[in-house]
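Colleague: Here you go, one structure.
The values are calculated or read from the model by the stated rules, or taken from the named source; none is laboratory data. Just so it is clear, the structure is predicted and the values come from calculations on it, not from any experiment. Cβ atoms come from the backbone with ideal geometry, glycine included; neighbour counts cover every protein chain shown.
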DNA sequence: TATTTTTGTATCGCATACGATATAATCATA
DNA sequence: TATGATTATATCGTATGCGATACAAAAATA
């Protein structure tokens, strides 16, 4: 039997997986200048929009578990990027907020999305294609994130 | 400043990253029955199509580095799924081939892609949408995998 | 109010990913 | 043919991801 459905080129899963790693790799040199990793950058995107946030709030927005986020936030605390303060109203909660340095990184990061999307647009991607791609992936995420 | 370009909802990178993890999560129960992980499944997809293959050939097809693939293949060897045989023509090369058990897993895996794509199609995705999504991601991969 | 359940965070173990580097084998070339 | 460059694989260190589990605080309920 040929098992067409098992061939790598017929999978949707593999392009998503490969694209994710390649995008991370593309961000890496920009983020290295800021001294952060890609998942740390995602945490910062969330906090730059709205802070302080409980550990769980960040985990929900990034669709990550707390056992991933907790040590990641501790490293960011060690690096002086965020502060971790236990809630007084509910002592189970830990609120995460930006340090001055964490706020400062926002200015430095502002040019990154533009430079990267410019890189894609100068090659064969149109704005409309990129929007559609993003929307389709978001639809997929909503289906899978039950 | 509002820094619109830094908002999570305006990023392409995040949906790709989140979709990748959610797809892996979706595969997990099926692969657990076979006793393999998602990256190991990708290695098997490649080997089921064509074997034996050198470590580098597998790494190239999956766009992974040998420092990821080498220990992964060793675990698969320990589990009796693949064999690792050093080439006699070129002693730097190690050829990877399937054991009988590795071949056997192909039959068991055959139903997985169908069940998962059925799950997507019963929700709002059409075949055409899935094809377009795959093609756009492949275009993205070709741009980034220089 | 005492007990059970739920919630929020953290810890542990294992398997990726990947940059940096090591090492042996092969190739290229002076 | 000796030697420097390249190639194929492997090792090391660090940072994720995530299932399983722990634990204390808060909520629910008997």
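Colleague: Being exposed (fewer than 15 other Cβ atoms within 10 Å of the Cβ) and in a loop (DSSP other than H, G, I, E, B), is that true of even one residue in the stretch A:49-57?
Modeller: Keep residues of the stretch A:49-57 that are exposed (fewer than 15 other Cβ atoms within 10 Å of the Cβ), which gives A:50, A:56.
This time we only want the ones that are in a loop (DSSP other than H, G, I, E, B), so: A:50.
Yes, the conditions are met somewhere in the stretch A:49-57.
Colleague: Another one. Report, by residue number, each residue of the stretch B:33-48 that is within 15 Å of residue B:94 (Cβ to Cβ) and within 13 Å of DNA strand D (Cβ to nearest atom).
Modeller: B:43
Colleague: Here are the criteria: (1) more than 16 Å from DNA strand D (Cβ to nearest atom); (2) free of Cβ contacts under 8 Å to residues at least 60 places away in the same chain; (3) loosely packed, with under 13 Cβ neighbours inside 10 Å; (4) over 21 Å from residue A:135 (Cβ atoms). Tell me which single one residue B:104 does not satisfy.
Modeller: Result: residue B:104 passes all but (3).
Colleague: Among A:16, A:46, which is in a helix (DSSP H, G or I), touching a strand residue (DSSP E or B) at 6+ places or on another chain (Cβ under 9 Å) and within 7 Å of chain B (Cβ to nearest Cβ)?
Modeller: Within the list A:16, A:46, the selection yields A:46.
Colleague: Could you please find all residues in the stretch A:9-35 being farther than 18 Å from residue B:16 by Cβ, touching a helix residue (DSSP H, G or I) at 6+ places or on another chain (Cβ under 7 Å) and either surrounded by 17 or more Cβ atoms within 10 Å (Cβ to Cβ) or touching a residue at least 24 places away in the same chain (Cβ under 8 Å) (or both)?
Modeller: The answer is A:34, and nothing else.
Colleague: I need the full set of residues from the stretch B:49-78 which are free of Cβ contacts under 8 Å to residues at least 12 places away in the same chain, more than 14 Å from every other protein chain (Cβ to nearest Cβ) and more than 9 Å from DNA strand D (Cβ to nearest atom), in order please.
Modeller: B:77, B:78
Residue-by-condition table, conditions (1) more than 13 Å from DNA strand C (Cβ to nearest atom); (2) at pLDDT 95 or above:
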position: B:4; (1), (2): yes, no
position: B:14; (1), (2): yes, yes
position: B:33; (1), (2): yes, yes
position: B:37; (1), (2): no, yes
position: B:40; (1), (2): no, yes
position: B:43; (1), (2): no, yes
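Colleague: Regarding residue A:81, is this residue under 18 Å from residue B:10 (Cβ atoms) and more than 13 Å from DNA strand C (Cβ to nearest atom)?
Modeller: Spelling it out, it is not the case that residue A:81 is under 18 Å from residue B:10 (Cβ atoms) and more than 13 Å from DNA strand C (Cβ to nearest atom).
Colleague: While we're looking at this one, here's another question. Kindly indicate which of A:105, A:72 is in contact with a strand residue (DSSP E or B) (Cβ under 9 Å, 6 or more places away or on another chain) and within 15 Å of residue A:38 (Cα to Cα).
Modeller: It is A:105.
Colleague: Among the numbered conditions (1) within 20 Å of residue A:12 (Cβ to Cβ); (2) part of a helix (DSSP H, G or I); (3) more than 9 Å from chain A (Cβ to nearest Cβ), tell me where residue B:32 comes up short.
Modeller: Of (1) within 20 Å of residue A:12 (Cβ to Cβ); (2) part of a helix (DSSP H, G or I); (3) more than 9 Å from chain A (Cβ to nearest Cβ), only one is false for residue B:32: (1).
Colleague: Does any residue of the stretch B:85-92 turn out to be outside any helix (DSSP H, G or I), within 9 Å of DNA strand D (Cβ to nearest atom) and either surrounded by 14 or more Cβ atoms within 10 Å (Cβ to Cβ) or touching a residue at least 12 places away in the same chain (Cβ under 8 Å) (or both)?
Modeller: Checking the stretch B:85-92: at least one residue is outside any helix (DSSP H, G or I), within 9 Å of DNA strand D (Cβ to nearest atom) and either surrounded by 14 or more Cβ atoms within 10 Å (Cβ to Cβ) or touching a residue at least 12 places away in the same chain (Cβ under 8 Å) (or both).
Colleague: Can you tell me which residue among B:119, B:107, B:93, B:74 is within 22 Å of residue A:6 (Cβ to Cβ) and modelled with pLDDT of 95 or more?
Modeller: Being within 22 Å of residue A:6 (Cβ to Cβ) and modelled with pLDDT of 95 or more holds for just one of B:119, B:107, B:93, B:74, which is B:107.
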